[in-house]
Each structure stands twice: as structure tokens, then as C-alpha cells.
Amino acid sequence: MEKHNQKIKFIVYRIVSRFGISLLRRLFPEYFAKEPLAPTDRYIEYPFIIRNLPKPPAKVLDVGCSGSFFPLLLASFGYDTYGIDIRNYPILNKLKFKNFTFVKGDIKESPFPNSYFDVITAISTIEHIGISGRYGIEDDPEGDKKALEEMVRILKPQGAILLTIPFGKGKVIKPYMRVYDESRLKDLVRDCIIELEEYYIQDDTDNWIECSKEDTLLVDVKFDKYPLCLLKLKIKNEIDPSQA
């Protein structure tokens, strides 16, 4: 009986979706884009990450991976890939991936040993850590700093942290995210050296263009539109080799 009902529901779904979508397209054409790929921030962030990865089979951790296919792509490229998130990673219920390990947990207190990863990526993630409301987490004003400190602990001495964050006039937009400015960024990465930084902003037509840090600092950020800061971080050595 249950299988019969499922079959009927599937047939109804096929009929409704076939005619319903067609009707919706006519009634609300503005919601059906003619161009399938809108210029979202991921099209800036992903190429930056890929350009700055070492060759496989480097060990890579993606922080805040739930809802993202990116770490699975890295696994398919041959990287020994891990993902960590306080939320589940539902796609693993349907598919299995070689070279990929998911850990459900908090990056502020991860289970990984010291100096474990060659690269750690956090793509539009760290700005949310410790901001209560959106992801069902408790409020922690120091959450982003604690997360980065933990990343430093589990990163190999010559490894890299690849970080993307919203940048502009510094503020906290609850329950969504932090926006970093120069002073907030300096405080966040105090245990690291910025080896590479890039800045991008959206023009009047919402297309992304590379810009200077000074341009981004003029922007009063909204939660749904903000400049991007892309960073490659290295662990700060206790002794500067140039001073040895």
C-alpha cells in the first residue's frame, strides 16, 4: 500500500511540476533568470582557493562545509580532504566519496592533532562563528578568534590558511555575521602573517571587480551585499629569519 501511494505521489509530482513550472515562468518571469549563473561571491572565492592550494595529495580541511560541494571536488582532485561543521553533511547519506572524511564538531575545539593539515580553508565561514541565531549556536564575541587559534594549532608549520571574509566598515550584523575592517582583521589574524590579500567589490550591475582595500573600507555593508577580502595566511614564526 505504501509503495502504491508513493507511486501515485510521484506521478502527481511529475504532472504538477511539468505544468506548474511552465505556469510560474509565465506569471513571474523575473524569478527565472535567463542567465543560469549569477555573479555570486563563490565564483570569486573558489578560484582564489584553488590557485593557492599545493599539489595533491596534500591534507586539506574545509571549515563550515555543510551545504558546500567544494570539499568533495577537492577530494575528487586527489586531495586528502576533511570537512568540519556543527551541522550535518546530508549529501553523505546518498553518496560516498573517496579521500573525504566529515567530522561533525566545532572548529573552536576540534578533535584533530597538532600540525595535522597542509591547508585549512574557511570560505565565508569565520564571520559567522559565535554569532547566535542563524545557525543555532550560542553567542560568543570571541568565537572567530578562537576558531582561528584552533586552525593555527592544527596547521603544519609551513601550511597555509585560506580565508574569505566580508570586508568594509566594521560592524556586527546580527544574526548574520561580522564585517571586518583593518583593526578587526589585525586582531583576528594576530598569530599569522598575511602572505597574500585580494579585495573585490560589486559594481552597479552586481558584477565582481578587483579593487583596493581602501575602496572596500568606504562601503557600509548590508547583510546580503558586501565586499570580499581573500587571504592567504601563514603561521607567524617565533623568530623572524631575517633577524637571525
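A few points about this structure:
- Legend: residue pairs 94/186; 169/232; 55/108, Cα-Cα distance threshold 32 Å; pairs beyond threshold, 94/186.
- Dipole moment magnitude, nearest 20 debye, the stretch 37-243 about Cα centre, only Lys, Arg, Asp, Glu C-beta charged: 780 debye
- 3J(HN,Hα) along the stretch 63-74: 8, x, 7, 4, x, 10, 8, 4, x, 6, 5, 4 Hz, from the Karplus curve 6.51 cos²θ - 1.76 cosθ + 1.60 with θ = phi - 60°, whole Hz, x for Gly and Pro.
- Cleavage-rule hits, trypsin sites (Lys or Arg not before Pro), the stretch 101-157, DSSP coil, Cβ neighbours within 10 Å at most 12: 134
- Which of 151, 177 has the fewest Cβ neighbours within 10 Å, and the rest in rising order: 177, 151
- Take the Cα of residue 76, step 7 Å toward its Cβ, do the same at residue 210, and the gap between the two points is 2.7 nm.
- Length added when fully stretched, residue 139-residue 237, from 0.36 nm per residue minus Cα-Cα: 32.1 nm
- Positive-end ranking of 141, 66, 207 along the dipole of the stretch 37-243, with charges on Cβ about the Cα centre, is headed by 66.
- Cα-Cα over 23 Å, subset of 146/213; 213/234; 146/236; 145/234: 146/213
- Relative exposure of 150, 210, judged by other C-beta atoms within 10 Å (fewest first): 210, 150
- Residues 84, 49, 91 arranged by fewest to most Cβ contacts within 10 Å: 91, 49, 84
A short reminder: the numbers here are calculations on the coordinates, not readings from a lab. What you see is a predicted model, and the numbers here were worked out from it, not measured in a lab. In this analysis, Cβ positions are derived from the backbone assuming ideal geometry, glycine residues included, and neighbour counts consider all displayed protein chains.
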